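Here the structure is laid out as structure tokens; the discussion comes afterwards.
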Amino acid sequence: MQPTTTTVGVLALQGGFSEHVDLVRSAAAQLADSLPTTVTAVEVRTPDDLTRCDALIIPGGESATISLIARRTGLVEPLREFVNVLKKPTWGTCAGLILLSKEAKAAKQSDLALIGGLDVCVHRNHFGRQFDSFTAPLDLPFLPDSATKPFVGFFIRAPIVEEVLRPSTTSDKPSSTEGVTIVARLPDHLNGAKNKTITSEVVVSGAAGDIVAVRQGNVLGTSFHPELTPDARMHAWFLQEFVLKSRA
């Protein structure tokens with residue numbers, strides 16, 4: 001039996017957390033007639049806040065700053081337990097993807113307390129500085145109306161997934177036993193990215209192109225910022241595909 005209330009937390013230490021909260025609420029309202037449970041969205045700033053949550057979104061922002069505040073507030077280990085031990089649904093966007101990765105390049109490891117959950121190595125700020133930010137249409141067939149209404153991805157100092165890693169067998173907090181699935185790639189290197197179309201895959205393959213979205217077990221990571229558009233389809237998909245399936 002489904003619980004009567006499902007709580008989605010948004011890590012609210014820095015970055016675009018309020019936009020994610022708004023879109024979770026918008027997605028829940030759009031799905032209300034078909035949802036077997038009431039979905040609420042809350043901001044998470046302390047370990048106690050996290051214990052209330054059935055799922056979590058880690059927003060875009062500055063990964064080193066989010067990591068620093070998480071250390072100071074005692075959230076690092078509770079977050080690692082939430083993702084890797086309790087295996088609750090977790091979605092990281094941009095900086096959130098970095099923090100959910102196993103390894104991160106172009107970063108001082110001492111600056112980042114990585115949470116893990118995705119057996120990937122990411123490259124921070126792959127697309128350059130803030131000045132190099134861009135939007136691009138994403139062709140994501142798992143979203144409704146994707147054929148006629150591409151999802152607009154915002155890339156702001158965004159990372160890419162540079163490498164899919166082998167799952168660790170020695171860690172005391174291992175990642176999911178499920179492999180990494182590539183959700184979206186860029187077909188070639190981004191120069192004039194506004195004219196590029198991002199394609200979706202459902203299995204890991206050897207296809208060329210920068211990896212900008214992955215999933216593994218209970219964890220989803222995206223390079224782009226879905227919270228910077230009023231389009232709630234990605235949040236609705238996360239609720240249906242990750243959160244509610246885990247609560248069934």
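The values are calculated or read from the model by the stated rules, or taken from the named source; none is laboratory data. As the structure is a prediction and not an experimental result, all values here were calculated from the model. Heads up, the Cβs are rebuilt from the backbone with ideal geometry, glycines too, and the neighbour counts pull from every protein chain shown.
Given the conditions (1) at pLDDT below 95; (2) more than 15 Å from the chain's Cα centre (by Cα); (3) under 25 Å from THR229 (Cβ atoms), and given that ALA113 satisfies all but one, which numbered condition is not satisfied? Failed condition: (3).
Against the test of being within 23 Å of ARG215 (Cα to Cα) and free of Cβ contacts under 8 Å to residues at least 60 places away in the same chain, the options VAL83, VAL21, VAL8 yield a single qualifying residue, VAL21.
Filter the helices (runs of 4 or more DSSP H) completely within the stretch 1-85 down to those with at least 2 residues that are touching a Ser or Thr at 6+ places or on another chain (Cβ under 9 Å) and crowded, with 22+ Cβ neighbours inside 10 Å. The helices (runs of 4 or more DSSP H) meeting that bar are 17-30. Within the stretch 116-135, if we keep just the residues that are modelled with pLDDT of 75 or more and under 15 Å from VAL212 (Cα atoms), the residue that is surrounded by the most Cβ atoms within 10 Å (Cβ to Cβ) turns out to be LEU118. Out of the residues in the stretch 137-155 that are surrounded by fewer than 21 Cβ atoms within 10 Å (Cβ to Cβ) and closer than 27 Å to LYS102 by Cβ, state the one that is modelled with the highest pLDDT. Once the filter is applied, the top-ranked residue is PHE142.
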